[in-house]
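Asks: First, the structure itself, so that you have it in front of you.
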Amino acid sequence: MRGLGTLLNIATVLVGTTLGVLLRGRLPSQMRVTIMQGLGLFVVFLGVREATNTHNALMLLGSLLGGAVIGEALRIEDRLAGIGARIERLTTRGEVEPDLSQGRSTFTEGFLVASLVFCVGPLTILGSIEDGLGQDIDLLATKSVLDGFAAFAFAATLGWGVGASVITIAVVQGGITLGAALLDDVLTTRMVDEMSAVGGIALIGIGLRLLDLAQIRVASFLPGLVLAPVLVALFGR
């Protein structure tokens, strides 16, 4: 059944978020900080590993910069944050805890960061493509387990906004799965590799954000995931 992997992913994120919020008050603040730093380091590691899969560094650079221009023109980062803020207004009442570094609430930051972490990695791309092609869901099943633990760690610090990221998961993974089903005869291994490399660079940006080293507007680079296979089709050798 196409889409089963995404449904499983949504379920594990919701379970992880719920457990993280329930145990939030029982975890010392320093432990929550250390857990977040551990996740940040791991995300950077994943990003570096996947970025090195590119076959052409200039093509990767072109995808990133072209994606950044498109992303900023479309204000993807701001729109995604706005979606998180609207979800927060619909689901919460009273005062919210602000994130002073960005002028955003913790809910919105949790939604934004979790949406990016869960949706730009290589497992998202490769797993959704395999699912769309009617193959197994092993990659998405693996991703679901990892995302469940990550959701627990994120929610212990950032709260319910992490759970709201299932909306992004459904749209992004579902969209890639549908696209793969429609483009079965078009996508090549080289295209998937370059998409994964762009996702790897984005993951590095997310890791730096989690480590509080730089507030990179990672969402603005997301169009690069679409631009990469286009560049391969036009200039790939």
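What follows draws every value from the coordinates through simple rules; no lab data is involved. Here the structure is a predicted model, which means the values were calculated and not measured. With ideal geometry, Cβ positions are generated from the backbone for all residues, glycine too; neighbour counts draw on all protein chains shown.
Asks: Put a dot 7 Å past each Cα toward the Cβ at Leu182 and Arg75; how far apart are the dots in nm?
Replies: About 2.7 nm, to one decimal.
Asks: Need the full-extension length gain, Ala57 to Ala141, defined as separation in residues times 0.36 nm minus the C-alpha distance. One decimal, nm.
Replies: Answer, rounded to one decimal: 27.2 nm.
Asks: How long is the gain from Asp212 to Ser29 if the chain were fully straight, where each residue apart is worth 0.36 nm and the alpha carbon distance is subtracted?
Replies: Details: separation 183, 0.36 × 183 = 65.88 nm, distance 1.58 nm.
My answer for the length gained is 64.3 nm.
Asks: Quick one: among Arg89, Arg24, Arg190, which has the greatest mean-square fluctuation in a GNM of the chain with alpha-carbon springs under 10 angstrom?
Replies: Maximum among the listed residues: Arg89.
Asks: With springs only between Cα atoms under 10 Å, which of Thr17, Thr91, Thr52 fluctuates most in a Gaussian network model of the chain?
Replies: Thr91
Asks: Suppose only helical runs count, i.e. DSSP H with n ≥ 4. What mean residue ellipticity at 222 nm does that imply for the chain under -39500 (n - 2.57) per run, divided by all residues and rounded to the nearest 500 deg cm²/dmol? Display every interim value, and only then the final one.
Replies: Details: 10 runs with 174 residues, N = 237.
One gets -24500 deg cm²/dmol as the mean residue ellipticity at 222 nm.
Asks: Please check: in the Gaussian network model of the chain (C-alpha springs, under 10 Å), which one of Leu213, Leu158, Leu61 has the largest mean-square fluctuation.
Replies: Its mean-square fluctuation being the largest, the pick is Leu213.
Asks: Against the longest alpha carbon principal axis of the chain, how many degrees, from 0 to 90 and to the nearest 10, is the axis of helix 223-235 turned?
Replies: So the inclination is approximately 10 degrees.
Asks: With each pseudo-label sitting 7 Å past Cα toward Cβ, what's the Phe45-Arg86 distance in nm, one decimal?
Replies: A separation of 3.8 nm, rounded to one decimal place.
Asks: Could you work out how far helix 4-22 tilts from the main Cα principal axis of the chain, as a 0 to 90 degree angle to the nearest 10?
Replies: Helix 4-22 and the main axis of the chain meet at about 20 degrees.
Asks: Relative to the compact globular guide of 2.2 N^0.38 Å, what is the alpha carbon radius of gyration of the chain, as a ratio? Spell out each step's value before the answer.
Replies: Working: Rg = 17.2 Å, N = 237, 2.2 N^0.38 = 17.6 Å.
Computed over Cα atoms of the chain, the ratio equals 0.98.
Asks: Okay, next question. Suppose R0 equals 30 Å; then what is the FRET efficiency for Gln37 and Phe235 from their Cβ-Cβ distance, rounded to the nearest 0.05?
Replies: The formula returns an efficiency of 0.15 here.
Asks: Taking Cα atoms, how many degrees apart are the long axis of helix 57-74 and the longest axis of the chain, rounded to 10 and kept between 0 and 90?
Replies: Result, in degrees: 50.
Asks: On to the next question. Under unit Cβ charges (Lys, Arg +1; Asp, Glu -1), what dipole magnitude, rounded to 20 debye, does the chain have relative to its Cα centre?
Replies: Here the chain has a charge dipole of around 460 debye.
Asks: Give the relative contact order (percent, whole number) for the chain; include only Cα pairs under 8 Å separated by 6+ residues.
Replies: Values: 399 pairs, mean separation 97.2, N = 237.
Worked out over the chain, it gives 41 percent.
Asks: When Lys and Arg each count +1 and Asp and Glu each count -1, what net charge do the other residues less than 13 Å away from Thr6, Cβ to Cβ, add up to?
Replies: -1
Asks: Label points 7 Å out from Cα along the Cβ direction at Leu65 and Thr18: separation in nm?
Replies: With each label placed 7 Å out from Cα toward Cβ, I get 4.8 nm.
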